[in-house]
Structures are given as C-alpha cells and as structure tokens.
Amino acid sequence: MLITRRVEFSASHVCASAALSAEENRALYGAAANPNGHGHNYILEVTLDGEPDRTTGMVFDLKNLKEILNDEVVYPMDHRFLNHEVPPFDRVVPTTENLAVEIWRRIHPHFPASPRLHNVRLYETEDLFVDYGGEGGQGGARE
Amino acid sequence: MIRLTRRYRFSASHRLHTSALSESENQALYGKCNNPYGHGHNYILEVSVAGPIDEQSGLVARLETLDTLVQSRLIGTLDHRNLNYDVPVFQSKVPTTENLLEEARRVLSAEWASAFPNGRPLLAGMRLLETNRNSVELTTLS
C-alpha cells in the first residue's frame, strides 16, 4: 500500500552553473538564471510503500513522517535562499531535479526496511513537478 | 532516472457525435456532449519526460525546448479552437478526450527526435484533463 504525505516550503534560488558564462546560463535556464534569485512555494509529496501494521492499522505513523520531513526538509529549507544557505546547493545547481534528489538523499536513511521510501514528488509550481524514485527507480509514482 | 512533468493549458470547444449512429443513439451515448452547437472545456495537458539528470546543468530536459515543442505543435493548434471544425483530424474522428490524447501523442512522438536529437529525455507519459473530474492517461509511450 502506498501512503503519501504532503508538506510545503518556500525558498529562493538561482539556477546558474559556475561552469557557464552569464549568456550561456541565460540561454539554458531562462529567467531562472536572474542573478539575484527568485522564489517558489514548493510542494513536496513523499510516498512510502508498505503494509498496514496489524495492531495499529498504519503503514507508518504520519506524525513521525511529518517530523522527519520537517527536520530534514522544511526547517532547513523553508524561507531560505537555497544557493547560499542549504548545502550542497552552494556548488550544485538547485534545479527542481537536483532538489528532489537531495530531498530523497536526506529522507532515505530513515526508511531502511519497511515501509520503504517509494517516491519523492516535488512541485516547483502547479505546472511543473518532478518524480524521483531513487537510483534504481524509473522516475514515477504511477507504476 | 528522474521524471519531470509539465502542465499546459488550452481552451477549446467540441461536439461528440458520430455519423455511424442515429441522432437518438448519439444522444443516448454522448448525453450533453452531443448537444448540437457544441460546448467547451479548459483542458490541461500533462507531458512527462524521463532520463538522467545532466551533471553540468542539473536538468533532465531543457524546459524551453519542451515548451516550444508543445506550444508550437499542440497548444497553438488547439487553443481557442473548435476541435470539430478547426482541427482536421477531428473531421473524421470524434474529439473525445481519448482521441484528443491519442492525437497529441502522435504529434509529439513524430516531432520528438528532432526536438531532442541526442535521444534524451524520453517521452515518458501524457495525461489530458478535460475537467477537474475526468482525465485520460498514457503511461508508456517510448
């Protein structure tokens, strides 16, 4: 059974690679390369895969999941400038893709066995989101 | 692999009617969607791409390339149109959500290789919402 918890955080970022010129960054990332940054209300959906416990009837205690998401994602990232305040984005471009992978990397150690971490979906806007299911994943919660 | 989904919006009118059926059969099958003067929807098209994240750019796809492809080949031909009259394929096909998604897939698949010549990313899925309450989806495209 899949269970999904949604949290939100707001952060600013600049998408520009140090390996490229200002013109190249502008051509690649468009307005997202504007040097002083801009922000989004990110929505994060984290999906776990497991069986409901016979006693509790729960796949995972959602209070605990909320705490994990707050500690690993919301508290460190909410109302922050990702490039300046949240490693590794001082050296990794904080695209939606890279941010989803970093969130997976932070959360994954909390789920060593069952339930397992199934998917991270990160909405940068209502009209743009990425799904990441780990290195072996096919990138999508809809399998 | 990571999967990125982009949503595009367009508004169009249509009428569901097939010449293979009688007036009363059309009405029974399509209900209000068969009303003779047509009606419209605010459609949402979701296009999903999948591939590895490019190490230097941090991107799975250059969004501008995807947006230009979808806007020029699809949205531009559908937005604020009457599907039955203005989109040639629907002169012979009923513009159901299903057929509209099949047509959108055909168009994108045909253009994909020239828009993304190095084979990345893959076109991984498409979903078309006719309203907030009904949608159709193609899960495997490549």
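Where in chain A are the DSSP H helices whose alpha-carbon span along the long axis reaches 15 Å or more and whose Kyte-Doolittle mean is at least -1.0?
Working: long enough: A:96-107 (16 Å, -0.19).
The qualifying helices are A:96-107.
Going by alpha carbons, how many degrees (0 to 90, nearest 10) lie between the helix axis of B:97-115 and the longest principal axis of chain B? Roughly 30 degrees between the two axes.
Rounded to two decimals, what ratio of Rg to Rh does chain A give with C-alpha atoms and a Kirkwood Rh? Walk me through the numbers on the way to the answer.
Values: Rg = 16.4 Å, Rh = 16.0 Å.
Here Rg/Rh amounts to 1.02.
Inside 10 Å of the C-beta atoms of A:34-47, what's the mean count of C-beta atoms belonging to other chains? Mind showing how you got there, number by number?
Numbers: counts 0, 0, 0, 0, 0, 0, 0, 0, 0, 0, 0, 0, 0, 0.
Mean partner-chain Cβ count within 10 Å for A:34-47: 0.
Among the residues of B:55-65, the average count of other protein chain beta-carbon atoms within 10 Å of the residue beta-carbon is 6.
DSSP bridge analysis restricted to the protein assembly as shown gives an antiparallel fraction near 95%, rounded to the nearest 5. Summed over the residues of segment A:1-105 and divided among them, the accessible surface reaches 54 Å² per residue at a probe radius of 1.4 Å. Shape summary of chain B, radius of gyration then Dmax from alpha carbon positions: 16.8, 61 Å.
Please find the FRET efficiency linking B:K32 to A:D71, where r is the Cβ-Cβ separation and R0 is fixed at 51 Å, and quote it to the nearest 0.05.
Values: r = 51 Å, r/R0 = 1.00.
That gives a FRET efficiency of 0.50.
Once you charge only the Cβ atoms, +1 for Lys and Arg and -1 for Asp and Glu, what is the size of the charge dipole of the protein assembly as shown about its Cα centre, to the nearest 20 debye? If you can, show how the numbers build up before the last one.
Values: 28 positive and 37 negative charges, 86 e Å.
It works out to roughly 420 debye.
What you get for segment B:2-139, charging only the Cβ of Lys and Arg (+1) and of Asp and Glu (-1), is a dipole of about 140 debye around the Cα centre. Taking Lys and Arg as +1 and Asp and Glu as -1, the other residues whose beta-carbon sits under 12 Å from that of A:L122 total -3. Largest first, the extents of the alpha carbon coordinates of segment B:69-141 on the three principal axes equal 36, 25, 20 Å.
Classified by the C-alpha gyration tensor, the protein assembly as shown has an oblate form. Its axis ratio a/c, with a ≥ b ≥ c, is 1.5 or above, and a/b does not exceed b/c.
The values are calculated or read from the model by the stated rules, or taken from the named source; none is laboratory data. As the structure is a prediction and not an experimental result, all values here were calculated from the model. All Cβ positions, even for glycine, are placed from backbone atoms using ideal geometry, and neighbour counts span all protein chains on display. The accessibility values were calculated without ligands, DNA or RNA, using every heavy atom of the protein model including side chains. Shrake-Rupley method; radii C 1.70, N 1.55, O 1.52, S 1.80 Å.
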